[in-house]
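Student: Questions regarding the structure given below will be posed in turn.
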């Protein structure tokens, strides 16, 4: 296996995280109760139901986390590829 291109790996992870957030937001928008139950199961029974507040879901409430996850994914993916290349002498 050749060297990873850090920027491409970062961009790939960024797109993956953005796409998964989009799917999650759509599913939660359609079935919020099942979304909370899924989070409870995913986090070993931590009760997210207590955090539910009747708040209007806005475009900004969707776009801000999307941007944060995309940037974070890019940084983490780029760092991963750079370290992978460094540790494998590529």
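Just so it is clear, none of the values below were taken in a lab; they were calculated from the coordinates. This one's a predicted model, so the numbers in the text were calculated from it and none came from an experiment.
Student: What do you get for the angle between helix 6-30 and the principal long axis of the chain? Use alpha-carbon atoms, 0 to 90 degrees, nearest ten.
Tutor: Roughly 10 degrees, rounded to the nearest 10.
Student: Using only the alpha-carbon atoms, how far is helix 32-42 inclined from the longest principal axis of the chain? Give it as 0 to 90 degrees, nearest 10.
Tutor: Computed tilt is about 50 degrees.
Student: Run the numbers for residue 33 and residue 49: contour at 0.36 nm per residue of separation, minus the present Cα-Cα distance, in nm.
Tutor: 4.9 nm
Student: Moving on to the next point. Between helix 59-87 and the chain, what is the angle of the helix's C-alpha long axis to the longest principal axis, kept within 0 to 90° and rounded to the nearest 10?
Tutor: Between helix and principal axis, roughly 30 degrees.
Student: Also, I was wondering about something else. Roughly how many whole Å is it from the C-alpha centroid of the range 2-23 to that of the range 41-56?
Tutor: So the two Cα centres are separated by 28 Å.
Student: For the chain, count the residues as N, evaluate 2.2 N^0.38 Å, and divide the Cα radius of gyration by that value, please.
Tutor: For the chain, the normalised Cα radius of gyration comes out at 1.40.
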